[in-house]
Amino acid sequence: MKKKILSALTATLILGVVSPTFAAPIDDEVAELRARLAQLERRIAERDARIEYESERVDDLERGVNRHTNQTNWAEKFKVNGELRYRFWNMNRRDDVSQLQLRILPSVQINENFAVKTRFTASYNMNSDTESDWRANFAYLEGKFNRFQINAGKLPLFTEADGGMVADDFFSGVQAIVDVGDTAKLRGNVGHWDEKGDYLGAEVTVNPNENLDFGVGYHHFRRNKDNIVAGGVGYQLNDDWKLNAAVAYNNKANSHKTAYNLEANYHGANRKEVGSWGAYAAYRYVGSGVGIVPTYDTYGQTANKRGFEIGAGYTPFTDTLLKVSYFHGKSFDAGHPTDRTFFARASLFF
């Protein structure tokens, strides 16, 4: 439009020079055109300023949205869960233990594949102030890729195939987990275990249907040249009852080289379901050559005993759990044939 106006002005000026007779009317037209041109230029300038202002507003809004989105994303990526629990042991061969413990589990989801997971535990033994501590139990990098997962760092280790009869502890190293089809899972571990030296382990667990699960595992510890083979099976009889059995053997141990567990579970306490409860009865035989750090509460992370155990759990409120159990049996240690342990726990999860 500017070009058309300029062309018109140019033509008018030429006509004014060539034909003086029409000078006065042409001068009036030129003045009018100049006024219109100035008005048009002002409008264009106002429009450009308005567009620039709106563009800056959009940029500011986008930056604000991005900052809010980034803050929200990081808030969602960083999570802290935990458990505050009180535990009590009454044992016929040792003094009572009364312990208050706080577990904090921070985790950061770096992206869709990688996450960092940690756990810190503060323990206060109410029987003795000198037996309180604060420690980092584990810290590792977790990587997930479809059916493959790899973890590296200080890792939790629960021997899945035998339900934790062999170990429920930690080791430093690398763990690989592979989903084989829709029903099987393969785990491989390599690293170092403080009490046993260099460690190598592998497990296969299978869940062919909703009622049946079974598995087998192998664990080698270099320091004592231990070779532990373990396996277990579980069967859901109906909505109420499930039976579990596990067995393990160490062919390099000098003594106490076998372990087995027979257990019947009724229902189960779910900390998300108020009023849920469960009970169990078991017979356990765990030699110290096989049960490295058994998961059973009444064993106190030590093995070398056999006997019957009963227990029950109850959820009075959401994210709470109460549990009691009693073990009555025999110890393999010389001079202490009878072993009786009462255990109670109250947990609050957050």
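Read-outs throughout are calculated quantities, based only on the coordinates presented, and are distinct from any laboratory measurement. These numbers were taken from a predicted model, which means no experiment stands behind them. Here Cβ is always computed from backbone atoms with ideal geometry, including for glycine, and neighbour counts include all displayed protein chains.
Backbone amide hydrogens, once placed in the peptide plane, bring L157 within less than 5 Å of D169, F170, F171, excluding anything fewer than 5 places away on its chain. For the pair the range 266-342 / the range 133-186, the C-alpha centres are spaced 23 Å from each other.
Sparse packing (at most 12 other Cβ atoms within 10 Å of the Cβ) combined with a DSSP loop state is found for the following chymotrypsin sites (Phe, Trp or Tyr not before Pro) in the range 259-333: F317. When the range 200-295 is described by a simple charge dipole with +1 on each Lys and Arg Cβ and -1 on each Asp and Glu Cβ, the residue from N211, N254, G287 located farthest towards its positive end is N254. Cross-link pairs exceeding 23 Å in C-alpha to C-alpha distance, out of K144/K242; K257/K305; K79/K196; K185/K225, comprise K144/K242; K79/K196; K185/K225.
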